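Data block below; observations after.
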Amino acid sequence: MSVEVAEHSPDIQSLLSSAFGNWQQAITTLLRSAIDRGDLPRSTKADELASFLLNSYEGALVRSKAEKSDQPLETFIHFAFKVLLKSRLCARAIKLIKRILSDCGSVVRSMP
């Protein structure tokens, strides 16, 4: 609903844009650290991967709400962390990314 309201309110649109930008930056920072440690290939485009993870999570969240099911979120987590990033990221980084998605998602979801 926040996105629909944002279409009619520049202030809300600005807040949402800022929230998503901050959220993506936090994930990008973790991914860059993983690249520096050698947990992800040097060719990894951290900002684009962070954007993909954030957008995929948000899509799964919307679908979970629409279907009243955790399955879309479970599918996201499976493919994002057990297939796409598959053991390349240390467990600590994965937990941090999941926490960022969860914490920031609740902030974005609580916006008008």
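Here are the numbers for the structure shown:
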| item | result |
| --- | --- |
| Exceeding the 23 Å Cα-Cα cut-off - candidates LYS45/LYS98; LYS45/LYS68; LYS65/LYS98 | LYS45/LYS68 |
| Cβ-based net charge around PHE52, under 14 Å, with every Lys or Arg adding one and every Asp or Glu removing one | -2 |
| Qualifying trypsin sites (Lys or Arg not before Pro) in region 1-87, DSSP loop, other Cβ atoms within 10 Å at most 11 | ARG42, LYS68, LYS86 |
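None of the figures in this text is laboratory data; all of them are computed from the coordinates on show. Model, not experiment: these values are computed from the prediction. Here Cβ is always computed from backbone atoms with ideal geometry, including for glycine, and neighbour counts include all displayed protein chains.
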